[in-house]
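Bear in mind these aren't lab numbers, they're just calculated from the coordinates by the rules spelled out. Everything numeric in this text was worked out from a predicted model, so none of it was measured. All Cβ positions, glycine included, derive from the backbone under ideal geometry; neighbour counts span all protein chains shown.
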Amino acid sequence: ATNRNNITDDYEISPDALGVGINGKVLKCKHRRTGQKCALKILKDSIKARQEVILHKKACENCQYIVQVLDVYENKFRSQRCILIVMECMEGGELFNRIQQRNDNPYTERDAARYILMIVQAVNHLHKMDIAHRDLKPENLLLTNQSNDAILKLGDFGFAKEGHNEPLPLTSPLFTPYYVAPEILYHNRYDKACDIWSMGVIMYILLCGYPPFFSEGGHTISSRMKNKIKTGDYRFPDAEWRNISSEAKSTIQRMLTVDPVQRITIDGILTSSWLTELTSDRAINMNALQDVETRQQLEAAVASATDDQRRIDDDLDIEI
Ligand SMILES: O=C(Nc1cc(-c2cc3c([nH]2)[C@]2(CCCNC2)CNC3=O)ccn1)c1cccc(C(F)(F)F)c1
């Protein structure tokens, strides 16, 4: 259900690009009638582009942690058919840039947990819909605004894949199971498991500011780096990791498990002590009570309230 009228009838498109990715350019645009600022992703029409739109639209329904799709147009530019995805404008840009800005002091566990929780909720929403994102990275995680309490949302469904849209569903009676290979049965599980691995890398970077696997020679992936990933060979260097909790490290270890079958699932992360401890409101209140004086006042108040309660109970006993 894409719009066939010309997008420029409804939106004013500004030339400055917000970001250029491998599968599309993102421009700023403004809705003519409402003035709403939006982001516009331009894709050359293809099966892949249409698949991206279908999955992104499906994924963003009822999930505040996925960039909202507002409109989709099918227009011709210079005789090239294009698919145009209009999205809510994420004024905070990419998490990637935010991490780079903080290179000197990475996030505290609480800040990191706040972002991780939003990513986990987005991925949980996808995995429950049997969709694997398959391209989780800080460049595809966008912030609603420049403030520290901005909401983090997942974008770019260019690599996303839906579980059972195999040509012949495995469950159909026409399917003769004798010849199916294990990877076909595993396939979708692997796809979801790779999202967990990527989240492990993102969590590691949020907590220390650098990636767990890197090649000395800069950005190009070297065969040494490939081997480190294949064997799960990474460290928690003391300088940055000494003051980070063992729960955080063990959660990362469960996510950066080489065997996808052994790797923690999204449910495992949602119920992990590290995440629940750091993001439950109790943790946040305790955090607010950081000021010892307030805590002592509160404890004194609780003590006297308990005494009062005891006296009332005692009185009650006498009456009864
Ligand atoms: O990018 C911004 N807003 C934005 C961006 C997107 C967006 C979608 C996609 C991407 N961005 C990229 C493009 C390639 C680079 N990575 C990000 C990957 N794929 C996507 O599908 C969606 C909605 N609002 C923005 C808006 C205002 C200000 C700023 C800045 F922070 F730069 F000032 C950024």
Amide H contacts of V72 (H built 1.01 Å from N, under 5 Å, at least 5 apart or other chain): N3, V86
Karplus 3J(HN,Hα) series, Hz, for the range 110-127 with 6.51 cos²θ - 1.76 cosθ + 1.60 (x for Gly, Pro): 5, 4, 4, 4, 4, 5, 4, 4, 5, 5, 4, 5, 5, 5, 4, 4, 5, 5
Alpha-carbon centroids, the range 128-200 and the range 55-112: separation in whole Å: 17
Acute angle (nearest 10 degrees) that the helix 292-319 long axis makes with the longest principal axis of the chain, alpha-carbon atoms: 60
Hits among lysines - C-alpha to C-alpha of K48 under 17 Å, sequence gap 8 or more where chains match: K25, K57, K58, K161
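As a check on your grasp of the helix formula, calculate [θ] at 222 nm for the chain: sum -39500 (n - 2.57) over DSSP H runs of n ≥ 4, divide by the residue count, round to the nearest 500.
Computed mean residue ellipticity for the chain: -13500 deg cm²/dmol.
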Virtual spin-label span in nm between I47 and Q262, 7 Å along Cα→Cβ: 3.7
FRET efficiency, A181 to T271 (Cβ-Cβ, R0 45 Å, nearest 0.05): 0.85
Residues whose placed amide H lies under 5 Å from that of C38, excluding near-sequence neighbours: C29, K30, H31
Karplus-derived 3J(HN,Hα), 6.51/-1.76/1.60, for each residue of the range 228-240, Hz, glycine and proline x: 4, 5, 4, 9, x, 8, 9, 10, 10, x, 3, 3, 9
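Among residues other than N75 whose Cβ falls under 9 Å from its Cβ, what is the net charge (Lys/Arg +1, Asp/Glu -1)? Don't skip to the end; give the middle numbers.
On the way: positive: R4, K76, R81; negative: E74.
My count for the surroundings of N75 gives +2.
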P(r) weight above 21 Å for the range 81-165, C-alpha pairs, percent: 35
Relative packing of peptides 25-31, 44-50 - highest average C-beta neighbours within 10 Å first: 25-31, 44-50
Efficiency of FRET between E299 and K128 - r from beta-carbon atoms, R0 45 angstrom, step 0.05: 0.60
Residues with amide H under 5 Å from that of Y11, placed H, sequence gap 5 or more: R32
Vicinal HN-Hα couplings computed from phi for the range 178-188 (Karplus, 6.51 cos²θ - 1.76 cosθ + 1.60; Hz; Gly/Pro x): 4, 9, 6, 7, x, 5, 5, 5, 6, 2, 5
Relative contact order %, the chain, counting alpha carbon pairs below 8 Å whose residues are six or more apart: 14
Ellipsoid equivalent to the chain - semi-axes via the Cα gyration tensor, in Å: 42, 28, 23
